[in-house]
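The values are calculated or read from the model by the stated rules, or taken from the named source; none is laboratory data. Everything quoted here is computed from the prediction, not taken from an experiment. Cβ sites come from the backbone with ideal geometry, for glycine too, and all protein chains shown count toward neighbours. Note: accessible area is taken over every heavy atom of the protein model, side chains too, but ligands, DNA and RNA are not part of it. Shrake-Rupley method; radii C 1.70, N 1.55, O 1.52, S 1.80 Å.
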Amino acid sequence: MAQSSVSIWPRALSVAVCAALVVGVGIAAVKSRGDGHGASSVAVGEPLPNGQSTEKSASRPAADIDAARLANADSEPGNWLGHGRTYDEQRFSPLDQINDKNVGQLGLDWALDTDTTRGLEASPIVVDGVMYVTLTWGVTIAVDARSGKELWRFDPEVPGEWGRYGCCDVVNRGAAVWKGRVYVASFDGHLFALDAKDGSVVWKVNTVPGAPYTSTGAPRIVNDKVIIGNGGAEYGVRGYVTAYDTETGKQVWRFYTVPGDPSLPVENPELTKAIPTWKGGEWWKLGGGGTAWDSMVYDVKSNTIFIGTGNGSPWTREIRSPGGGDNLYLSSVVALDPDTGKMKWYYQETPGDNWDYTSTQPLMIADLEIDGKQRHVLMHAPKNGFFYVLDVETGELISANNYAITTWATHVDLKTGRPVENPELAYDKTGQWVQPSANGAHNWHPMAYNPKTGLVYIPVQELPLFYSLSQEWKTKHHYTPEKNWWNLGLSYADLVDAVKALGDVPPSNGYLRAWDPVAGKVKWEVTYPAPLNGGVLTTAGNLVFQGTADGHLYAYKADTGEKVWSKDIQTGVVAPPVTYEVDGVQYVAVLAGWGGVNITSGDARTSAAAKYGNQGKLLVYKIGGTAELQKLALRDQTIPAWPALTADDATIRKGEVSFQQHCAFCHGTLAVSPGVIPDLRRSNENTRAHFQDIVRGGMLRDNGMASFADLISEEEADAILSYIQKRAIEDRARQAPVR
């Protein structure tokens, strides 16, 4: 999907994402983009022109990374040179100054306010004492890794209303650094090459044809080519990956992941094989999906870049491809020649994807001893709940065991390489609760592999989602898409009714699971009070680090899972920590700022964002650090009094279904926000009075809440407000500010 997507375990389950990025709880909530988006450049202490540095460029390294240096990253473990530190993206650091014996002395050294209240997902790049970090929208900063002083800031100035096109927040997962330049993609699909010395723009290229495409992934650089994908499958786009020349920005090649109109010539020869696997529909009119919005990994030995592809558009294959078929190359791992873009092999993990089971989750490469032989393998834990071990050279399936509950399929047949679907949970006729949800058993949050323990550490959740075909399709065998909006092929009315039927939804959990990829089983696990927790770092100090949705940082022994350190930071974490060394001192750094898919699927009962707010920070720790974070007060979650409800039941029902279809993606199912986007039950009188101006008039477009006049009529907006009013009155009466 476009990044993660709607999911929902019925809890505070908000199903889908971004219908309205910032409808303020009051008009007073309209601020001048204090989320780091809007000012062309803001340096610490004072505003500066875009790209201008706060100190002389000669005093900072020029980020001189090339292929040889990155391929030999282990020879300089003090740096974090690539997205996953090394080309194989294991997220393992050889540093051991911080270890399981002294980690109890780990303390905060410095913190940097990121000036955003949205999700922060990036892996910082650290080169010779300078850290390069991306924030929301593609805003990029360079920071002195010793002191935390911001050196320069670049803002791509994405129009705020583009936020409507993001399935899962206005996030960015990182930059790439190469030969003195920093490469970053903005949320609206532009790719920038910045001078690493001062953040000035060297070149800029538009990688997408326009809305509703987005770009949230970190680019990868291979053989002087910067490679980037895109998102937007929920909205009806066609996925592709593009390589650009790092020096000039000129396009070198483009690989489309799904076929276009079959009456037209194919853009790349691999699509000739794909076309017969799409049957009976007109998928190309909705793009087909298959967006490669996150995962890429490069294998030096074979000179191959591996791409994880996304879900179909619409989600349901009944509408997308009613004649059946595997729908290549959806939900697949595709091996490409990085110099030409030609496909070497592919492996489809979820043939004919029907549940938004993307394969865009992080990939990693390792050498494992399997059956007495050394195997050079690709390891993957995609959304569908199975952990795959594939041969790097051939794509041969070596193993596939479920690392989480998988009710949709019983197992993967190792002879055919195909999952064996559970026919009892087919939803072509009757709606079904299915696991994993569209959030996946594992989403984009990076896992890590420790070669000393032989274990992969996976952020896991076990959440179901209610899948039911669109009523229009079931009654008329026709599906009418909404332009520039979510087109899942599912029934929003059935979904909200299924959630309400659960009554008081029990809390669900997240997990950190230590997975043995050779034995195919869990060695140890940690249970968390909430799902959708942060990415993972593991080190030679026998440690695993992870942040959580409820605002904690933890360290565990990598071999046993014993908790050896924790900090209550009062801010949720989705980003993965990284570690580096400067002047002989090892540091651990992590971005704290909850968001991404959590804006729709998080749980307000457990999220730190709901309790304390979500002011983003860059936190850096070292042994003996003595800095302290300011303690945050609990947010006032009181639901204000609303006037008596006068709307009739039919109007409220209309508003309920439309809210689920257009608003819950940001503001939460049942109008319960997980805490990042305003909770509309708490709207003040001023917001209620201007509801039409906000929803249809675009009053808050600069904050990300674009106009929905093209989708929501004036009458429908009034019905939505009546539904919100009903939910507010209900929860206020129960003295239950959150569900």
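Observations
- Of the residues making up segment 689-739, those that are touching a residue at least 24 places away in the same chain (Cβ under 8 Å), among the charged types (D, E, K, R), open to solvent by 40 Å² or more (accessible area, probe 1.4 Å) and assigned to a helix (DSSP H, G or I) are 701, 702, 718, 726, 732.
- Among (1) closer than 30 Å to residue 70 by Cα; (2) part of a loop (DSSP other than H, G, I, E, B), the one test that residue 221 misses: (2)
- Residues that are over 26 Å from the mean Cα position of the chain (by Cα), over 28 Å from residue 469 (Cβ atoms), among the aliphatic types (A, V, I, L, M) and not in a loop (DSSP other than H, G, I, E, B) do not occur anywhere in segment 331-340.
- Residue match in segment 262-280 (condition: in contact with an Asp or Glu (Cβ under 9 Å, 6 or more places away or on another chain), farther than 17 Å from residue 348 by Cα and part of a loop (DSSP other than H, G, I, E, B)): no
- Scanning segment 595-627 for residues that are surrounded by fewer than 24 Cβ atoms within 10 Å (Cβ to Cβ), in a loop (DSSP other than H, G, I, E, B), out of contact with any helix residue (DSSP H, G or I) (no Cβ under 8 Å at 6 or more places or on another chain) and not basic (Lys, Arg) turns up 613, 615, 625, 626.
- Residues satisfying the criterion are present in segment 538-547 (criterion: of a type in the set (A, V, I, L, M) and surrounded by fewer than 24 Cβ atoms within 10 Å (Cβ to Cβ)).
- Of all residues in segment 133-153 being part of a strand (DSSP E or B) and among the polar types (S, T, N, Q), the one that is nearest to residue 216 (Cα to Cα): 134
- Of all the numbered requirements in (1) open to solvent by 10 Å² or more (accessible area, probe 1.4 Å); (2) over 20 Å from residue 461 (Cα atoms), residue 552 misses one, and that requirement is (2).
- Residue check for residue 402: farther than 19 Å from residue 87 by Cα, crowded, with 24+ Cβ neighbours inside 10 Å and without any contact (Cβ under 8 Å) to a residue 60 or more places away in the chain: no
- Residue within segment 411-431 that is within 30 Å of residue 120 (Cβ to Cβ) and either assigned to a strand (DSSP E or B) or of a type outside the set (D, E, K, R) (or both) present: no
- Of 522, 518, all but one fail to be out of contact with any His (no Cβ under 7 Å at 6 or more places or on another chain), aliphatic (A, V, I, L, M), within 30 Å of residue 366 (Cα to Cα) and assigned to a strand (DSSP E or B); the exception is 522.
- Look at (1) open to solvent by less than 10 Å² (accessible area, probe 1.4 Å); (2) farther than 17 Å from residue 288 by Cα and you find that residue 358 fails only one, number (2).
- For segment 636-652, the candidate set comprises residues that are of a type in the set (S, T, N, Q) and part of a loop (DSSP other than H, G, I, E, B); within that set, the residue that is least open to solvent (accessible area, probe 1.4 Å) is 637.
- Residue within segment 478-486 that is part of a helix (DSSP H, G or I) and among the β-branched types (Val, Ile, Thr) present: no
- Filter result for residue 199 (outside any strand (DSSP E or B), of a type in the set (Gly, Ala, Ser) and open to solvent by less than 10 Å² (accessible area, probe 1.4 Å)): yes
- Some residue of segment 154-162 being of a type outside the set (Val, Ile, Thr), under 26 Å from residue 211 (Cβ atoms), assigned to a strand (DSSP E or B) and more than 19 Å from the chain's Cα centre (by Cα): yes
- Residue match in segment 518-528 (condition: surrounded by fewer than 22 Cβ atoms within 10 Å (Cβ to Cβ), of a type in the set (S, T, N, Q) and farther than 19 Å from residue 94 by Cα): yes
- Selection within segment 203-216 - open to solvent by 40 Å² or more (accessible area, probe 1.4 Å) and either without any contact (Cβ under 8 Å) to a residue 40 or more places away in the chain or on the phi > 0 side of the Ramachandran plot (or both): 206, 209
- A single member of 129, 119, 82 is at pLDDT 95 or above and in contact with a Gly (Cβ under 8 Å, 6 or more places away or on another chain), and it is 119.
- Selection status of residue 85, basic (Lys, Arg) and within 21 Å of residue 571 (Cα to Cα): no
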